[in-house]
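Student: Let me give you the structure first, and then I'll get to my questions.
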């Protein structure tokens, strides 16, 4: 086991019979081929953990999928007429029924575009653009990086940061 510090904090590298696992307070991940299998732990905010992993591993383009259990989530809904997001926070235990999104770059920083659906104890699903979510038990997420990078540029006409090829 070895530890090293980066601008993201202290990571611990653990080797076991299944290979090398990178651990940090709140999450851990293992790389298999070109995919990162991430476990986000209880009381950790998902979006910031994923940003850290992408930044630390120089992931500038890719896909994200996941599931898990959360105790709060903030979703955004974009109104194309006003070109503004309206955010709403839900504070209840929910199951993530689907977490999908992509990784790109804006102004040389990691830019995540994530959408999530979650279901509560009434089995009704809510969702939208994911602003943040806090884990209640665990969340399992896969980051699938791609070679190269995809940029983002703000569109005055649309009011959003669009892929910039």
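Student: Based on the mean of other beta carbon atoms within 10 Å per residue, what is the order of 79-88, 60-69, most packed first?
Tutor: Top of the packing list down: 60-69, 79-88.
Student: Ranking request for peptides 92-100, 122-130: highest mean number of other beta-carbon atoms within 10 Å first, then the rest in descending order.
Tutor: Result, highest mean first: 92-100, 122-130.
Student: Which one of 58, 117, 102 has the biggest mean-square fluctuation once the chain is modelled by GNM with Cα springs under 10 Å?
Tutor: Residue with maximal mean-square fluctuation among 58, 117, 102: 58.
Student: Arranged by the count of other C-beta atoms within 10 angstrom, fewest first, what order do 22, 116 take?
Tutor: Placing the least packed residue first, the sequence is 22, 116.
Student: Could you tell me which label, among [x] 16.7; [y] 20.4; [z] 15.9, carries the value of Kirkwood radius over Cα pairs in Å calculated for this structure?
Tutor: Correct label is [x].
Student: Here's something else I'd like to know. Springs between alpha-carbon atoms under 10 Å, Gaussian network over the chain: tell me which of 132, 121, 91 tops the mean-square fluctuations.
Tutor: The residue that fluctuates most here is 121.
Student: Starting from the Cα of residue 89, step 7 Å along the direction of its Cβ; do the same at residue 125; then give the gap between the two resulting points in nm.
Tutor: The modelled label-to-label distance comes out at 2.6 nm.
Student: Take 164, 33, 43 and order them by how many other Cβ atoms sit within 10 Å, fewest up front.
Tutor: 33, 43, 164
Student: Oh, and also: Is the shape of segment 14-55 rounded, prolate or oblate, going by the alpha carbon gyration tensor and its root eigenvalues a ≥ b ≥ c, with a/c under 1.5 for rounded and a/b larger than b/c for prolate?
Tutor: Taking the square roots of the gyration eigenvalues as a ≥ b ≥ c, segment 14-55 is oblate.
Student: Can you tell me the length gained on complete extension of the stretch residue 55 to residue 108, counting 0.36 nm per residue apart and subtracting the Cα distance?
Tutor: 18.1 nm
Student: Over the chain, with a Gaussian network built from C-alpha contacts below 10 Å, which listed residue (139, 149, 15) shows the highest mean-square fluctuation?
Tutor: The residue that fluctuates most here is 15.
Student: Compute the distance in nm between two label points, each set 7 Å from the Cα along the Cα-to-Cβ direction, one at residue 42 and one at residue 155.
Tutor: Rounded to a tenth, the inter-label distance reads 4.4 nm.
Since every read-out is calculated from the coordinates, none of them should be taken as a lab result. None of these values were measured; they are calculated from a predicted model. All Cβ positions, even for glycine, are placed from backbone atoms using ideal geometry, and neighbour counts span all protein chains on display.
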